[in-house]
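Note sheet for the following structure.
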């Protein structure tokens, strides 16, 4: 143990200085992680840049993420007695997906000048070691997988994952609407949009929970009573943007819109998000989704938003990809989900 109480393990990498791995020291490390993440994203030609507020939220502790144990920072010796320089980091967590499948996840960022050797591969190995430790503490008889994600700009990261035995299992298309032309769509007779108030939150959340169970990206832990309380508190400031369709006393569909919570930088456009586009089964194929999205685009434009984003599963059973194209969205990037069976899982 070093003086910070952190475990540091040297790992020799050919043609590179000694590398050690240390744990997160707390919020004091957040600016460092932000700088590494943004330089890594820039190297991958990804336009998004993180903020300190995002990092703070992302590293907040939860039942499925312990920042003191589940963050691994790679540091190299600079020589001349200087403190080791952090050059990359990983974050690990887990969740329960469809059919009680347990997913153990990692994400990693590495400065571009350190990608020529084996460091990223070694980071993945170290991440898997920690994820296997977490899995060993869980009693479950369901399938378990290691999981990671990559957007199409992250070619080096994808190559590392494939080399480590991960297989692509799903792709999600990120789409953008520039709001230059907003289509006209009407709700079917008997269906109406009502202003959302906190009194409606429970019904809206229950419909989300019902439909999310159909989705590949379902996270069971997001739909507990404890999660509802957190969601309710967070939703108060954004619900005025939501578009929720009712048939009598029943919520039948929704688009839960939001805007960037930090002002755009460097001349970037103010962005909005059409999220949780959900229609209950018995009300599908009636044009409700189209009407809710069209109204969402109009509302967001009135708020000063210049472009709107959404994500869609490439294997969506409702052919949502074509619907969004017909409403004026165009492709911007593709995210790929990778999985690998855990040890002793076949």
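Out of all the residues in the range 90-110, is one or more farther than 24 Å from residue 24 by Cα and either assigned by TED's automatic domain parsing to the domain that holds residue 213 or touching a helix residue (DSSP H, G or I) at 6+ places or on another chain (Cβ under 6 Å) (or both)?
Yes; the residues of the range 90-110 include at least one that is farther than 24 Å from residue 24 by Cα and either assigned by TED's automatic domain parsing to the domain that holds residue 213 or touching a helix residue (DSSP H, G or I) at 6+ places or on another chain (Cβ under 6 Å) (or both).
Can you work out which of the residues in the range 278-292 that are outside any loop (DSSP other than H, G, I, E, B) and out of contact with any helix residue (DSSP H, G or I) (no Cβ under 6 Å at 6 or more places or on another chain) is farthest from residue 329 (Cα to Cα)?
Looking at residues that are outside any loop (DSSP other than H, G, I, E, B) and out of contact with any helix residue (DSSP H, G or I) (no Cβ under 6 Å at 6 or more places or on another chain), I get 282.
Out of 60, 74, report the one residue that is in contact (Cβ under 8 Å) with a residue 12 or more places away in the chain and either outside any loop (DSSP other than H, G, I, E, B) or out of contact with any helix residue (DSSP H, G or I) (no Cβ under 7 Å at 6 or more places or on another chain) (or both).
Selected residue: 74, the only one of 60, 74 that is in contact (Cβ under 8 Å) with a residue 12 or more places away in the chain and either outside any loop (DSSP other than H, G, I, E, B) or out of contact with any helix residue (DSSP H, G or I) (no Cβ under 7 Å at 6 or more places or on another chain) (or both).
Using the structure shown, decide if residue 342 is within 29 Å of residue 101 (Cβ to Cβ) and not assigned by TED's automatic domain parsing to the domain that holds residue 182.
Yes, satisfied.
Answer yes or no: is there a residue in the range 144-161 that is in the same structural domain as residue 104 (by TED's automatic domain parsing), free of Cβ contacts under 8 Å to residues at least 60 places away in the same chain and either exposed (fewer than 12 other Cβ atoms within 10 Å of the Cβ) or out of contact with any helix residue (DSSP H, G or I) (no Cβ under 8 Å at 6 or more places or on another chain) (or both).
Among the residues of the range 144-161, at least one is in the same structural domain as residue 104 (by TED's automatic domain parsing), free of Cβ contacts under 8 Å to residues at least 60 places away in the same chain and either exposed (fewer than 12 other Cβ atoms within 10 Å of the Cβ) or out of contact with any helix residue (DSSP H, G or I) (no Cβ under 8 Å at 6 or more places or on another chain) (or both), which makes the answer yes.
Determine, yes or no, whether residue 241 is surrounded by 13 or more Cβ atoms within 10 Å (Cβ to Cβ), assigned by TED's automatic domain parsing to the domain that holds residue 97 and in contact with a strand residue (DSSP E or B) (Cβ under 6 Å, 6 or more places away or on another chain).
Against the criterion (surrounded by 13 or more Cβ atoms within 10 Å (Cβ to Cβ), assigned by TED's automatic domain parsing to the domain that holds residue 97 and in contact with a strand residue (DSSP E or B) (Cβ under 6 Å, 6 or more places away or on another chain)), residue 241 does not qualify.
The values are calculated or read from the model by the stated rules, or taken from the named source; none is laboratory data. Because the structure is a prediction, the values reported are computed rather than measured. Glycine also receives a Cβ, built like all others from the backbone with ideal geometry; neighbour counts cover every protein chain displayed.
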